[in-house]
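Peer 1: The following block contains the structure, expressed as structure tokens.
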Amino acid sequence: MSELKQTEPNQPKVNLLGLTRAELEQFFVEIGEKKFRSQQIMKWVHHFGVDNFDDMKNVGKELKAKLKNVAEIVAPRVTHFQESTDGTRKWVVQLDSKNSIETVFIPDGKRGTLCVSSQVGCALDCSFCSTGKQGFQRDLTVAEIIAQVWIAHRSFGTPENRGVRHITNVVMMGMGEPLLNFDNVVNAMELMKDDLGYGIAKKRLTLSTSGVVPKMYELYDKIDVALAVSLHAPNDALRDELVPVNKKYPLAELIKACRAYVDKFGDSRRVTIEYVLLEGVNDTFEHAYELIELLRPVPCKINLIPFNPFPHNPYKRPNGMRVRAFQEVLQKAGYVSPIRTTRGDDIDAACGQLVGLVEDRTKRSERWQATIESQVVEVRPAQNK
Ligand code: SAH
Ligand code: SF4
């Protein structure tokens, strides 16, 4: 492909940001260069956050000129950046004239977790999720997914003063259902794991799914990462209501797929079960006992997430006592079940608040637009963050 590009200047340039190591090597072979050269370029792009070939100090003049002809390094524009009083950072990233997404960084002691989006909106319409209320707009490209890590990585300083690794964990828990943008998410996660990319350990790279069962099996065959499953209900009747994809892939199938994940990799790994607590809906003792029974076949820990409210939503966050009572039942049954504390509240960066500003395309989106607009907070413009 690229030989062509050298002779035809009007060919679109290849965005190197979105290429995995194997794809970049292939690209270099195609432009008549040695494979190993691609390693230098990967380091410049992902380790040092460089987006200009001229800044690549150990790359020769001729290669630079050649690359400028056929390639580019382009990340989408950050339109807003905010930092919360608790250190949480949020970026609003403009993908195109109609679509923006949000990326959030959450520091916690030595750990720094980046929450990455995979789609604009989401088609799965879980009843308690503000992203679902937008409807689905479009998938992110590999470059758009990895750019979120690239942008966050760059925001911690220039290559010269960056001695500390700030992003230690990545969770695919931003906007969208990652398994419905399968190939792009897998390639982006390859880059996150790659030593020449971001070197995120497989245990620290988590894909969260609401339970698209066939894609879960496909995932296990393609890449080894940590798995989180958004369960939220201990029986099919309730889960059909809260997580509609359950009607297609009911709990028996989902639990089997979780067990298959643990068996496939054979080490002492566990699935992370996510359970959003909705007052009076799924947070009683009966629900807790039912959950314990359901999860018997699956080695797991259970993250309890008190619901993050947004306007015009029927649900309420249960009070602290109720949450702790639910937790106690699980703990007595031997489960590690931390309560996920809300972070970045002052910048709307908490779970379920990743609304973004999207094109108003669907009926559902129209219905929720007023809600979303009333939530937009004062933000300061991005300054190279
Ligand atoms: N689509 C994937 C990943 C994105 S959602 C999934 O559903 O797993 C990331 C997590 O945030 C999920 O566990 C989701 O259920 C949770 N979440 C969504 N809305 C929420 C809300 N209003 N309050 C608390 N958690 C919420
Ligand atoms: Fe989509 Fe996940 Fe929100 Fe459900 S919880 S609507 S799957 S983003």
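Peer 1: Counting only residues 5 or more places away or on other chains, whose amide H sits under 5 Å from the amide H of L95 once H atoms are built in the peptide plane?
Peer 2: S100, I101
Peer 1: Name the long-range amide H neighbours of V74: under 5 Å, sequence gap of 5 or more, or other chain; modelled H, no Pro or chain starts.
Peer 2: Under 5 Å from the amide H of V74: L16, L17.
Peer 1: Further, regarding this structure: In whole Hz, what ³J(HN,Hα) sequence does segment 85-94 give by Karplus (6.51, -1.76, 1.60; θ = phi - 60°), x for Gly and Pro?
Peer 2: For segment 85-94, the Karplus curve yields 4, 8, x, 5, 10, 9, 10, 9, 10, 8 Hz.
Peer 1: If you stretched the chain out fully between F36 and E286, how much longer would it get, using 0.36 nm times the residue separation minus the C-alpha to C-alpha distance?
Peer 2: 84.1 nm
Peer 1: Got the relative contact order for segment 109-218 handy, in percent, Cα pairs under 8 Å and 6 or more residues apart?
Peer 2: So the answer I get is 32 percent.
Peer 1: Further, regarding this structure: Over segment 77-369, what is the mean sequence separation of C-alpha contacts under 8 Å (at least six apart), divided by residue count, expressed as relative contact order in percent?
Peer 2: Value for segment 77-369: 20 percent.
Peer 1: Also, quick follow-up: Just subtract the alpha-carbon distance of A22 and A65 from 0.36 nm times their residue separation and send over the number in nm, one decimal.
Peer 2: 13.2 nm is the gain from fully extending A22 to A65.
Peer 1: Also, quick follow-up: Only bridges whose two residues both fall in segment 77-369 count here: according to DSSP, what percent of them are antiparallel, nearest 5?
Peer 2: Antiparallel: roughly 50 percent of the beta bridges in segment 77-369.
Peer 1: Describe numerically, in nm with one decimal, the distance between label points set 7 Å from Cα along Cα→Cβ at K247 and at A325.
Peer 2: 3.3
Peer 1: How would you rank K34, K133, going from fewest to most other Cβ atoms within 10 Å of each one's own Cβ?
Peer 2: K34, K133
Peer 1: Here is a follow-up. Give me the orientation-averaged projected area of the Cα convex hull of segment 1-120, in nm², one decimal.
Peer 2: That works out to 9.6 nm².
Peer 1: Just add up the charged neighbours of E62: K/R +1, D/E -1, any other residue whose Cβ is under 12 Å from the Cβ of E62.
Peer 2: Value of the local net charge: +4.
Peer 1: Now, a different point. Please report Rg (one decimal) and Dmax (integer) in Å for the Cα set of segment 14-72.
Peer 2: Computed over the Cα atoms of segment 14-72, radius of gyration and Dmax are 10.1, 25 Å.
Bear in mind that the values in this text are calculations on the coordinates, not laboratory data. Fair warning: this is a prediction, and the values are worked out from it, not measured in the lab. Glycine gets a Cβ as well: all are built from the backbone with ideal geometry, and neighbour counts include every protein chain shown.
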